[in-house]
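Enquirer: Sharing a structure with you now.
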Amino acid sequence: MEKNQIKAVIFDLDGVLTDTAIYHYMGWKMLADKLNIPFDEALNEELKGIDRMTSLNKILARGNIDLSEDDKNLLCDEKNAYYVELIKKITEDDLLPGAKRALIELKNKGYKIGLASVSKNAFSVVESLNIANFFDYIVDARTINRGKPNPEIFIACAEAIGVKCHECIGVEDAVAGIEAIKRANMFAIGIGRRDILIKADIVLESLKDFDIDKLT
Ligand code: G6P
Ligand code: MG
């Protein structure tokens, strides 16, 4: 990344700004248990950042289970109803450490801020967290044809903000998300573990360690 070229930072939501990744996990684990499909940490990592139906398909593939589209839609609805119950309690206090400070700092320093989550619940979570005003653009997951690891969502966000991809930093907790950022030709910050987010340009333990001045 060349110095001074960064104009925007595009964040993922679940697992980056707030800990909803655990609620998605609980929802999928509930379904997997019901279907008697083993659900381990590796499968959970594979699901992070992946849209709802693709996630279900991965779980069913693990259990060698073949279902009709109608049955799959019912299971997706069931998982989502469970998830929606869990996120009802979300408030500003559920922002992850460093998230609010990072958003304030970026805004004050004149960077554009985007949100690129494939979650169809993203708008409601952002409202509950009371951070909607920080974003120059929030991608509506319903307008995206190809989910992460496809770069479409990050490219669409950069276009909507009015910046070039190489002028963006993407921030992600998921392997699929880091892959999407790199394929979009952006600088990738991983939030989590280096041994998992191997394709990230840098990995931070949390947004507490995020310092835009050290990166640009
Ligand atoms: C995010 C999460 C995934 C989740 C996906 C879809 O990318 O990381 O775990 O499955 O969004 O979320 P949704 O709320 O639309 O089911
Ligand atoms: Mg995530």
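The values are calculated or read from the model by the stated rules, or taken from the named source; none is laboratory data. Nothing here was measured: the structure is a model prediction, and the numbers come from that model. Ideal geometry is used to build each Cβ from the backbone, glycine not excepted, and the neighbour counts take in all protein chains shown. Protein only, heavy atoms only, side chains kept; ligands, DNA and RNA dropped before computing areas. Shrake-Rupley method; radii C 1.70, N 1.55, O 1.52, S 1.80 Å.
Enquirer: Give all pairs with beta carbons closer than 8 Å in which a residue from the stretch 194-216 that is over 20 Å from ALA8 (Cα atoms) meets a residue that is among the acidic types (Asp, Glu); count only pairs at least 6 apart in sequence or on separate chains.
Expert: ILE196/GLU45; LEU197/GLU172; LEU197/ASP173; LYS199/GLU179
Enquirer: Note down all Cβ pairs under 6 Å where the first residue falls in the stretch 19-41 and is within 30 Å of LEU129 (Cα to Cα) and more than 11 Å from ligand 1 (Cβ to nearest atom), the second is open to solvent by 50 Å² or more (accessible area, probe 1.4 Å) and of a type in the set (Gly, Ala, Ser), and they're at least six residues apart or on different chains.
Expert: As it stands, the answer is none, since no pair meets every condition given.
Enquirer: For the condition over 14 Å from TYR83 (Cα atoms) and open to solvent by 10 Å² or more (accessible area, probe 1.4 Å), what is the one hit in ILE50, ILE59? Step through it out loud before you land on a result.
Expert: On the way: ILE59 fails: open to solvent by 10 Å² or more (accessible area, probe 1.4 Å).
Only one candidate passes the filter, namely ILE50.
Enquirer: Pick from the stretch 128-161 the residues that are of a type in the set (Asp, Glu) and more than 16 Å from the chain's Cα centre (by Cα): which of them is farthest from LYS89 (Cα to Cα)?
Expert: Narrowing the stretch 128-161 to residues of a type in the set (Asp, Glu): 136, 140, 152, 159.
Add one more test, that the residue is more than 16 Å from the chain's Cα centre (by Cα), and what stays is 136, 159.
Working: ASP136: 26, GLU159: 33 Å.
Among residues in the stretch 128-161 that are of a type in the set (Asp, Glu) and more than 16 Å from the chain's Cα centre (by Cα), the one farthest from LYS89 (Cα to Cα) is GLU159.
Enquirer: Among the residues of the stretch 72-87, which ones are closer than 20 Å to LEU13 by Cα and open to solvent by 70 Å² or more (accessible area, probe 1.4 Å)?
Expert: TYR82, GLU85
Enquirer: For TYR83, only one of the following conditions fails: (1) within 16 Å of ligand 1 (Cβ to nearest atom); (2) farther than 22 Å from LEU129 by Cα. What is its number?
Expert: (2)
Conditions tested, residue by residue: (1) within 15 Å of ligand 2 (Cβ to nearest atom); (2) within 22 Å of the chain's Cα centre (by Cα); (3) not assigned by TED's automatic domain parsing to the domain that holds GLU152.
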position: ASP40; (1), (2), (3): no, yes, yes
position: ASP51; (1), (2), (3): yes, yes, yes
position: ASN57; (1), (2), (3): no, yes, yes
position: ILE65; (1), (2), (3): no, no, yes
position: GLU69; (1), (2), (3): no, no, yes
position: LYS72; (1), (2), (3): no, no, yes
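Enquirer: Counting only residues that are within 13 Å of ASP51 (Cβ to Cβ) and more than 11 Å from the chain's Cα centre (by Cα), how many does the stretch 106-127 have? Spell out the reasoning first.
Expert: Residues of the stretch 106-127 within 13 Å of ASP51 (Cβ to Cβ): 116-122.
Narrowing the set further to residues that are more than 11 Å from the chain's Cα centre (by Cα) leaves 120-121.
Final tally of qualifying residues: 2.
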